[in-house]
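Input: a single structure, listed below in structure tokens.
The values are calculated or read from the model by the stated rules, or taken from the named source; none is laboratory data. Remember, predicted model here, so these are calculated numbers, not experimental data. Here the Cβ positions follow ideal geometry from the backbone for every residue, glycine too, while neighbour counts run over all protein chains shown. These accessible areas exclude ligands, DNA and RNA; they are computed on the full protein's heavy atoms, side chains included. Shrake-Rupley method; radii C 1.70, N 1.55, O 1.52, S 1.80 Å.
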Amino acid sequence: MPEKECACCAKKKHTPRDEKQKKDLTARIAKIQGQLKGIASMIEEDRYCGDVLIQVAAAEKALQSLGYVILHSHLESCVKDDVLAGKDGVMEETMELIKKLK
């Protein structure tokens, strides 16, 4: 019986995205980067902790939202294709990804 290949040795997977998806994801990432830079500035300026925490919460929500957008796309494309192809382990992998987004 062949041994399972470890995740680090497995063939790298690839997910093609159309230009609109790339643009949307890139815009979300730029917004998050801006939020993080803003938080860093607030800390440098000794801003009130409560104000900083509000911005941290906003950045966390933006990052989580990005994750959900990518997960939705992953379920509609990669996971759907793997299930239809009868590939083993796709559901376990998907559940692990969902757990990591919590």
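Table for the structure above
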{"quantity": "Protection proxy ranking of 60-66, 13-19, 95-101 - average other beta-carbon atoms within 10 Å, highest first", "calculated": "60-66, 95-101, 13-19"}
{"quantity": "Helix-derived mean residue ellipticity, 222 nm - over the chain, DSSP H n ≥ 4, -39500 (n - 2.57), to 500", "calculated": "-22500 deg cm²/dmol"}
{"quantity": "Greater than 21 Å apart at Cα, pairs in LYS13/LYS100; LYS13/LYS61; LYS23/LYS80; LYS37/LYS99", "calculated": "LYS13/LYS61; LYS23/LYS80; LYS37/LYS99"}
{"quantity": "Heavy-atom accessible surface of the chain: percent carbon and sulfur, 1.4 Å", "calculated": "59 percent"}
{"quantity": "Vicinal HN-Hα couplings computed from phi for segment 75-87 (Karplus, 6.51 cos²θ - 1.76 cosθ + 1.60; Hz; Gly/Pro x)", "calculated": "5, 6, 10, 4, 5, 4, 4, 5, 5, 5, 7, x, 6"}
{"quantity": "Spin-label pair GLU19/GLU76, simplified geometry with 7 Å Cα→Cβ offset, distance in nm", "calculated": "1.9 nm"}
{"quantity": "Kyte-Doolittle mean at least -0.5 and Cα axial length at least 30 Å: DSSP H helices in the chain", "calculated": "49-74"}
{"quantity": "Option label - semi-axes √(5λ) of the Cα gyration tensor in Å computed here, alternatives (1) 36, 16, 12; (2) 21, 15, 13; (3) 27, 16, 13", "calculated": "(1)"}
{"quantity": "For the chain: relative contact order, % (alpha-carbon pairs under 8 angstrom, 6 or more apart)", "calculated": "24 percent"}
